[in-house]
1. What lysines could a cross-link reach from Lys42, if we take a straight Cα to Cα line under 26 Å and drop same-chain neighbours fewer than 8 places away?
2. Taking H as built 1.01 Å from N, whose amide H comes closer than 5 Å to the amide H of Tyr167, not counting residues under 5 places away?
3. 5 Å is the cut-off here: which amide hydrogens, built 1.01 Å from N in the peptide plane, fall below it relative to His29, excluding neighbours closer than 5 in sequence?
4. Could you work out [θ]222 nm for the chain from helices alone, using -39500 (n - 2.57) per DSSP H run of at least four and dividing by all its residues? Round to the nearest 500 deg cm²/dmol.
5. Taking amide H atoms as placed 1.01 Å from N in the peptide plane, list the residues 5 or more away in sequence, or in a different chain, whose amide H sits under 5 Å from that of Gly8.
6. Gap in Å between the Cα centre of region 28-91 and the Cα centre of region 140-181?
7. Enter the accessible area per residue of the chain (Å², integer; probe 1.4 Å; all protein chains in place).
8. Starting from the Cα of Lys24, draw a straight line to each of the aspartates and glutamates and keep only those under 13 Å, dropping any in the same chain fewer than 8 residues away.
Amino acid sequence: MKYFILFGPPGAGKGTQAAAMVEKYNLRHISTGALLREEIAKGSELGLKAKALIDDGQLVPDEVVEGMIENTFKTTKGVSGFLLDGFPRTIAQAEALDKMLSQNSEEVTSVVSIMIPDEMIRERIKHRASIEGRADDASDETITNRIATYHAKTEPLVGYYRQQGKYREIDGTGSIEEVRAGIFSLMESL
C-alpha cells in the first residue's frame, strides 16, 4: 500500500491537484478539511467544536484528526494507496502517523509538496472564499493567522521528511496543468 502526503500552504492548490492524482493512481483522497466539514454540516458535537476553532484560524486537536484518518485506513478497500491532504500538519502528527503505519509494517511513501509564496497564498484564499462561499476563508485576520500557523507549526515538516529522504517539492506558481505535469512526473519517478 502506498501512502502519499500532499503538502503545501493553504491555497497552494492541493485540493485541485488531489482529484487528478486520485484518479490516475487509484488512491483514496483523505482531506482532513473535508472530513471536518462533513462533521460541521452534520452539526455533530465534534463538528461544532471544529467549526469554532476553524473560524478562528486554529487547528482541530490531533487525537480527533488521527482517529478519523486511522478509521479511514481501516475501512477503505480496493485502492492502491492513500493521499493525505491536510495531515500531518505538525511534527507530533507526523510521528503519530509513522507510529500508526508502522503497526501494520507500513510507512509514508513520499511527500509531494506544492509550494507558493505568502502573497499568492493570500490571493488564492480570498479568491476561493469568494467563489466557494467558504466563511472560514473570508477575513484578513483569519488568513494572516493561517499563514502564521503554517510557518510556525507546519513548515518544520519539510525538515522532518527531508531527513527521511521522502520530501519532494513542486513549484505551485504555474498553471494548474503545469503543476499537475510536475506532480505526475514526480509520482512516476517514485
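The values are calculated or read from the model by the stated rules, or taken from the named source; none is laboratory data. Source: prediction; values computed, not measured. Please note: Cβ atoms are built from the backbone with ideal geometry, for glycine as well, and neighbour counts cover all protein chains shown. Note: accessible area is taken over every heavy atom of the protein model, side chains too, but ligands, DNA and RNA are not part of it. Shrake-Rupley method; radii C 1.70, N 1.55, O 1.52, S 1.80 Å.
1. Here the lysines satisfying the reach criterion relative to Lys42 are Lys14, Lys51, Lys74, Lys77, Lys126.
2. Val111, Arg162
3. The list, which skips near neighbours in sequence, is Leu83.
4. After summing the helix terms and dividing by the residues of the chain, the value is -17500 deg cm²/dmol.
5. So Gly8 has HN proximity to Ile114.
6. 18 Å
7. 50 Å²
8. Excluding near neighbours in sequence, the set is Glu188.
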